[in-house]
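The values are calculated or read from the model by the stated rules, or taken from the named source; none is laboratory data. Note that this is a predicted model, so its numbers are computed, not measured. Note that we place each Cβ from the backbone using ideal geometry, even for glycine, and neighbour counts take in every protein chain shown. The area values use the complete protein model at the heavy-atom level, side chains included, leaving out ligands, DNA and RNA. Shrake-Rupley method; radii C 1.70, N 1.55, O 1.52, S 1.80 Å.
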Amino acid sequence: MELLALAAVDWARAQFALTAMYHWIFVPLTLGLGVIMAIMETIYVRTGDEKWKHTAKFWQTLFAINFAIGVATGIIMEFQFGTNWSNYSLFVGDIFGAPLAIEGILAFFLEATFISIMLFGWSRVSKGVHLTATWLTITGATLSAFWILVANAWMQYPVGMEFNPETMRNEMTDFWAVAFSPVAVNKFFHTVTSSWGVGAAFVVGVGCWYLIRKRHIDFALRSIKIGAIFGLVAFLLTALTGDGSAYEVTQKQPMKLAAMEGLYEGQQGAGLVAVGVLNPNKKAFNDEVNPYFFKVEIPNLLSLMGYRDAYAFVPGIKDIVEGGYTLPDGTAALSFNEMRERGKIAHQALSDYGVAKQEGRDTDAANHEMVVKENFKYFGYAFLDSETEMIPPVGVTFYAFHLMVMIGGYFILFFAVIIFFHRKKKLHQTKWLQHVGLWSIGLAYLATQLGWLVAEFGRQPWTIQDILPVRAAISGVSTGNIIATLVIFMLIFTGLLIANITIMTKQIKKGPDPLASEPQ
């Protein structure tokens, strides 16, 4: 039975990961392309140049195709919280459901109301009204992302809530603490700015394809100019918000940071690994095997990024498991065994509370409730059997993080080069750069997927940090049912992705309205 339960957890995780990764193929392009098309339409309204109108219309068509399929995958993902993760939903539904409900009521309806005006209102409403509808459409999409990211950030850093032992549920006590926690704010800006970069890479890449084919040259150069400038700004902001995210991870999820850096032994004035290869022979956090084959570090940078102090102590995996080091607030960090013991105290007190309530011993119940609340921050550790379970997959987290950073640095250089060649009026003659631009679309998508791998693999084994591990969040659904729906979803999502690529490719091959392609 235990093996069956573990298999069910693994298959449920695989199904959710599949849905999330497919969904995230569509979302970044929606967020990035939405802003770019709105900028192009703004230029049209300000200048009255019809070519900008038809340029904006072309990108809006691609936006609409991508947007529609992204909505379909997102709805399926939200339903899985009720089907495969019902224990999670029961435990935190009062909190987790609030931002998702707001996303559905406010943001989704904002998008749905104005996207029709944007797509079909060019000749039916004034320029100003249409431009407003375009900006409100992408504002709605961005707000939708905000509330979903608030929900995800709360899983990483649960705040603004209190556990009610009578209902066995976590209940929201401070909505604004949940909505605007530092983790949520940083996650939102980092995710959105990186999505802008995906949209910019897409626009530049498609523009380069037209240059390679010697078609719609004027349209392509005009689109590339906007895309490259916007992309450079986007990736610079992504780097800035990434620094903020790294700081929050250090403060709130030190084990994730240690996995991101492959840091097993804590260091005073720790360096940031620029390039490194992990040693696969490193099997345990406390063995004597060197975790690296080789690495190149930037001295003191990890301490500086994580604590704003170049000589601060950064705990490694071994330190976090064994405890004893000094926390920023001056207290000593607890070991895994100490945290698990406090978690067991919370579990036992919760059980005793229920018995006391049934027997009408209100004073005893109040005392047990106090014990639960005092130890609740370690509640999830009681579900874990050994210290190795609190360590996320180091290899996946490390390589995903460093490859993501490298790609981000590449795009800053890439967009700067594109802008330089565009200003020199040599871009349409530089074949190698055109091909680089086309193939860079895939790199942008890879970077944004890697970001989510870091975020989600890095917080394992938790669905809610320190409170609820994945194994305790699963529904009582049979493994066979999960596997069957996984296969069905895989087929559906793959079909949707193929349809999306096919339709968008046909639209790109068709090209923009001739008016958008006339030389200036």
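For the pair Lys506 and Gln449, how long in nm is the line joining their label points, each one 7 Å along Cα→Cβ?
With each label point 7 Å from Cα toward Cβ, the separation is 2.5 nm.
Between helix 394-423 and the chain, what is the angle of the helix's C-alpha long axis to the longest principal axis, kept within 0 to 90° and rounded to the nearest 10?
20
What does the charge add up to near Arg169, with Lys and Arg as +1, Asp and Glu as -1, over the other residues with Cβ less than 11 Å from its Cβ?
-4
So, taking all protein chains as they sit and a 1.4 Å probe, how much accessible area belongs to Val487, in Å² rounded to tens?
Solvent-accessible area, nearest 10 Å²: 70 Å².
Rounded to two decimal places and with Rh computed the Kirkwood way over Cα pairs, what is Rg over Rh for segment 144-225?
Computed over Cα atoms, the ratio is 1.36.
What FRET efficiency, computed as 1/(1 + (r/R0)^6) with R0 = 56 Å and r the Cβ-Cβ distance, is obtained for Asn87 and Ala499, rounded to the nearest 0.05?
Step by step, r from the Cβ atoms, then E = 0.95.
What is the Cα centroid distance between segment 181-206 and segment 330-355, reported in whole angstrom?
When both Cα centres are located, 39 Å separates them.
Only Cα pairs under 8 Å and at least 6 apart count here; give the relative contact order of segment 1-115 as a rounded whole percent.
27
Could you pull the Rg and Dmax for segment 12-115, using just the Cα atoms, both in Å?
So, for segment 12-115, Rg and Dmax equal 17.6, 57 Å respectively.
At what distance in nm do the modelled label points of Val233 and Lys344 sit from each other, each positioned 7 Å from its Cα along Cα→Cβ?
5.7
Residue by residue through segment 264-276, which ³J(HN,Hα) values in whole Hz follow from phi under the Karplus form 6.51 cos²θ - 1.76 cosθ + 1.60 (θ = phi - 60°), with glycine and proline marked x?
8, 10, x, 9, 8, x, 5, x, 8, 6, 7, 9, x
Suppose we look only past 21 Å in the calculated P(r) of segment 446-520. What percent of the Cα-Cα pairs does that tail hold?
In whole percent, the share of Cα-Cα pairs in segment 446-520 beyond 21 Å is 63.
If you count only protein heavy atoms and use a 1.4 Å probe, how large is the accessible surface of Tyr22, to the nearest 10 Å²?
Estimated to the nearest 10 Å², Tyr22 gives 40 Å².
Determine the calculated [θ] at 222 nm for the chain from helices alone, applying -39500 (n - 2.57) to every DSSP H run no shorter than 4 residues and normalising by the residue count; nearest 500 deg cm²/dmol.
Roughly -24500 deg cm²/dmol at 222 nm, from the helical runs in the chain.
Reachable aspartates and glutamates from Lys127, Cα under 20 Å, same-chain residues fewer than 8 places away excluded?
Answer for Lys127, where 20 Å is the Cα cut-off: Glu41, Asp49, Glu50, Glu111, Asp513, listed by chain and number.
Which whole-number percentage describes the relative contact order of the chain, with Cα contacts under 8 Å and a sequence gap of 6 or more?
Reported relative contact order: 21 percent.
Under a straight-distance cross-link criterion of Cα-Cα below 26 Å, which lysines are reachable from Lys344, leaving out those fewer than 8 residues away in the same chain?
Once the sequence-local lysines are set aside, what remains near Lys344 is Lys252, Lys256, Lys318, Lys357, Lys373, Lys377.
So which trypsin sites (Lys or Arg not before Pro) in segment 293-340 end up in coil per DSSP with only 12 or fewer other C-beta atoms within 10 Å?
Those satisfying the criteria are Arg308.
Using only alpha carbon pairs under 8 Å that are at least six residues apart, calculate the relative contact order of segment 273-357 and give it in whole percent.
Result for segment 273-357 is 16 percent.
Mind checking the dipole of segment 291-439: about its Cα centre, +1 per Lys or Arg Cβ, -1 per Asp or Glu Cβ, Debye to the nearest 20?
It works out to roughly 1660 debye.
Starting from 0.36 nm per residue, how many nanometres of slack lie between Ala72 and Ala17 once their C-alpha separation is accounted for?
Taking 0.36 nm per residue and subtracting the Cα distance, the gain is 18.2 nm.
Assign unit charges at the C-beta atoms only (+1 for Lys and Arg, -1 for Asp and Glu), then state the dipole size of segment 253-357 relative to its Cα centre in Debye, rounded to the nearest 20.
It comes to approximately 340 debye.
Pull up all non-local amide H partners of Glu171: gap of 5 or more, or a different chain, and H-to-H distance under 5 Å with H placed in the peptide plane.
Answer set, sorted by chain and number: Glu162, Phe163, Asn164.
To the nearest 20 Debye, how big is the dipole of segment 191-303 about its Cα centre, given +1 on the beta carbon of each Lys and Arg and -1 on that of each Asp and Glu? Could the numbers behind the result be given before it?
Details: 10 positive and 8 negative charges, 158 e Å.
Value, rounded to 20: 760 debye.
Check each of the trypsin sites (Lys or Arg not before Pro) in segment 398-436 and keep only those in coil by DSSP with at most 10 other C-beta atoms within 10 angstrom; list them in order.
In loop regions of segment 398-436 (DSSP not H, G, I, E or B), the sparsely surrounded trypsin sites (Lys or Arg not before Pro) are Lys424, Lys425.
Taking GluC sites (Glu not before Pro) as exposed when DSSP calls them loop (any state but H, G, I, E, B) and at most 16 other Cβ atoms lie within 10 Å, what is the longest stretch of the chain free of them, the sites themselves excluded?
1-165
List the chymotrypsin sites (Phe, Trp or Tyr not before Pro) in segment 48-127 that DSSP assigns to loop (not H, G, I, E or B) and whose Cβ has at most 16 other Cβ atoms within 10 Å. Which are they?
Trp122
Take the Cα pairs of segment 83-211, get the Kirkwood Rh, then feed it into Stokes-Einstein at 10 °C and 1.306 mPa s and tell me D in µm²/s.
Values: Rh = 17.0 Å.
Using the Kirkwood radius from Cα pairs, D works out to 94 µm²/s.
In whole Hz, what ³J(HN,Hα) sequence does segment 491-501 give by Karplus (6.51, -1.76, 1.60; θ = phi - 60°), x for Gly and Pro?
5, 5, 5, 5, x, 5, 5, 4, 4, 4, 5
For segment 339-420, what is the Kirkwood hydrodynamic radius in Å, using each pair of distinct C-alpha atoms?
After inverting the mean inverse Cα-Cα distance, the result is 16.5 Å.
For the pair Glu166/Phe180, report the inter-label distance in nm, with labels modelled 7 Å from Cα in the Cβ direction.
3.2
Per residue and in Å³, how big is the convex hull formed by the alpha-carbon atoms of segment 334-487?
Values: hull volume 29.4 nm³, N = 154.
Dividing the Cα hull volume of segment 334-487 by its residue count gives 191 Å³.
Between Leu272 and residues 5 or more places away or on another chain, which pairs have amide H atoms under 5 Å apart, with H built 1.01 Å from N, and which residues are they?
Amide H neighbours of Leu272: Ile298, Asn300, Leu301, Leu302.
Give me the Kirkwood hydrodynamic radius of segment 1-65, using the inverse of the mean 1/r over all pairs of distinct Cα atoms, in Å to one decimal.
14.6
Taking 22 Å as R0, compute the FRET efficiency from the Cβ-Cβ separation of Val289 and Glu389 and round it to 0.05. Walk me through the intermediate numbers first.
Working: r = 20 Å, r/R0 = 0.92.
Efficiency for this residue pair is about 0.60.
Please enumerate, by chain and number, the lysines with C-alpha under 25 Å from the C-alpha of Lys214, excluding those fewer than 8 residues away in the same chain.
Counting by Cα, and skipping residues close in sequence, Lys214 has these lysines nearby: Lys51, Lys53, Lys57, Lys225, Lys424, Lys425, Lys426, Lys431, Lys506, Lys509, Lys510.
May I ask you to derive the FRET efficiency for Leu327 and Ala416 from their Cβ-Cβ distance with R0 = 60 Å, giving the value to the nearest 0.05?
Numbers: r = 41 Å, r/R0 = 0.69.
It comes out at approximately 0.90.
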